[in-house]
Every structure is written in C-alpha cells, then in structure tokens.
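Scroll down for the structure; my scribbles are underneath it.
The values are calculated or read from the model by the stated rules, or taken from the named source; none is laboratory data. Computed from a predicted model, the values in this text were never measured in an experiment. As a convention, Cβ positions derive from the backbone with ideal geometry for all residues, glycine included, and neighbour counts pool all protein chains shown.
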C-alpha cells in the first residue's frame, strides 16, 4: 500500500507512520515528491484495516497498490524518476544516447570509437568487457583489461561508461570502472544478481528479456528497487517472436506502455532490437518519436571485422547522420538531444 502524507506533515508525523508500519512487519520505502511525502509499505498482507493508518496524524490518504510491482509503479511515485550522473540526466526532457562497440577489442579501437560518438553528441560510452555469448568458442571479452581501456577512452572524451555485468561476483570490479551497470537480456531474471545490484549506489540499466512481458520486466526492476537502489533504467531491446527476418522484434509500443505504468526512465536499443544495420536507424527514430528517454546504439569503426555483432553496428558516419535526424524528431515532440 501507499500512504500519502499531508503537504504540511511534520518530520515527527512521518517518522511515526514509518515506525507504525515497521511495527506491523511492513518493509518501508519512502519517496519525497515535489509537494508531499509518499510512504510505500511492502508486505504480503491481504487483511489489514486502512483506517489504522488514516487516523494517524499527518496522513492524507491510504491507497492499496494492485500491481505486483510496488516501488516501480506510478501509484508509489507519480513524478518521473530522473537519474543524475555528473552532468547527465536520464528520464527528463533530454534524449540521452549511449553509443560504442558491442565489445571492447583494444585500446586503439575503443579510443577511436569514443572520439567519434562524442563528436556526434553521445553522452555515454557503451561497450562489453565481459561478453555473454551463445557459443563458448566465441569471443568472450577482455575482462578487466577491457574495462580499463574503456574507462580511459571515456575520460579522455568526457563520457560516462556503461557496461554489462554477468555475475554478482563481478560487482566490485564493475563499480570501479563503470558509471552504469547493465543487466543483459539473458540475466533479466537472474534474481541473485538483481538482489546484489539492489545493494549498491550505482544506476542499473535493466534490459528486457528476449521473451519477457512488460510486467515481468517491471518485476525484475522491483527486485533491484526492493534492495534500496531506486536508480533503475529500463531498456527495450526487442523480443523473440516467430519472425525470422530480424534478430528480434522491436517492441516500440512498450515505451509508452511502461511510461504509463511506471515512473522509471526507459530507453531503446534498436541495434539488438533488429540485428541488421540498415534497420537500426528507422527503429531509433521511431523510439525517439514514441518518447524514449534515450537510445543505446552500437557503433564500430570497422564493423566488418568486429569481434562481436558487426552486422548490427553502425559506421561512425551513419551514427552521426542518425543523431542529426533524431535531434529533429526530439525537437518536434518538445525534447532536446
């Protein structure tokens, strides 16, 4: 349930409500909005009397949350969550772009690409140091060496870093180099990993599983948030359907749906959403038009010889042209880029 406090509720009244909830074995999560404080009470309690809380000083209303995801829902928090990392804000009126190669291959490669995407307007450098591959014989990434190279390239170009974490044992090393930790589609329901990410103070980019529903995606976000980390960014990266022409089916409709259900920011990854280079730009433009808070685009200076996913990576000049197109769309819908 959600307990909405009066606009003029005192700190003592708020603390009294929190203490009462804890005494009744609820997990308590507090959200301070623009005009008032909202207290979320999480617990498997079907039988309780709302009047017990309505009579407490400072309480305006008590609302049951019917959605299975509590903290991620609009009921818990009406205002959009805006995640601030240095001078970058994700979730507001700016479309933030994350760009870079699928995998970090060398210091020269990542530095070249970092300079190109920065010049085109990207704010965040993406790249994989640990690569989850379908085949055990495929390139698995450079590990910590790749993270070091990526951090260095990002710092030289005043970019943030996002990279994928594959296992909870990697948390310590990932937080050392990354500004955002990415949970890939294969790990969306790796609940032990999600629980461990709920205990850190770093933003988490949560990718929708390839066969996951929107509700299942938000439930995975709930796992992270229930641990105390509310800095979650949802990423639509396409789902697996019966269609064989594209790698996945890019579900653009999930963007406005999730924005209605949840206060969390949502970005789109048309590179994985289509898997084909000449389909990336149209889906990126559509995602911006649909209201996405950002894009994640794969860019490679030599995609024909890329160690991973070259077929869906844009050339730097293609990326620069796409950024110009998306700026026009963003401006048309009242956003900036």
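Among the residues of the range 146-167, the ones that are buried (at least 17 other Cβ atoms within 10 Å of the Cβ) and under 18 Å from residue 196 (Cα atoms) come to 5 in all. Condition check for residue 188 on (1) surrounded by fewer than 19 Cβ atoms within 10 Å (Cβ to Cβ); (2) in contact with a helix residue (DSSP H, G or I) (Cβ under 7 Å, 6 or more places away or on another chain); (3) under 25 Å from residue 142 (Cα atoms): one failure, at (1). Meeting the requirement of 3 or more residues that are at positive phi and assigned by TED's automatic domain parsing to the domain that holds residue 214, no helices (runs of 4 or more DSSP H) wholly within the range 256-337 can be named. Taking the condition closer than 30 Å to residue 281 by Cβ, surrounded by 14 or more Cβ atoms within 10 Å (Cβ to Cβ) and touching a strand residue (DSSP E or B) at 6+ places or on another chain (Cβ under 7 Å), does residue 58 pass? No: the conditions fail for residue 58. Would it be correct to say that residue 49 is without any contact (Cβ under 8 Å) to a residue 40 or more places away in the chain and not assigned by TED's automatic domain parsing to the domain that holds residue 12? For residue 49, the condition - without any contact (Cβ under 8 Å) to a residue 40 or more places away in the chain and not assigned by TED's automatic domain parsing to the domain that holds residue 12 - is not met.
Highlighted here are the helices (runs of 4 or more DSSP H) found entirely within the range 138-250 that include at least 2 residues which are more than 16 Å from the chain's Cα centre (by Cα), at pLDDT 95 or above and under 28 Å from residue 277 (Cβ atoms): 144-156.
Restricting attention to the range 255-269 and to residues that are buried (at least 24 other Cβ atoms within 10 Å of the Cβ) and free of Cβ contacts under 8 Å to residues at least 40 places away in the same chain, the residue that is farthest from residue 222 (Cα to Cα) turns out to be 268.
Does residue 66 meet the test of being in a loop (DSSP other than H, G, I, E, B), without any contact (Cβ under 8 Å) to a residue 60 or more places away in the chain and closer than 29 Å to residue 234 by Cα? In short, yes.
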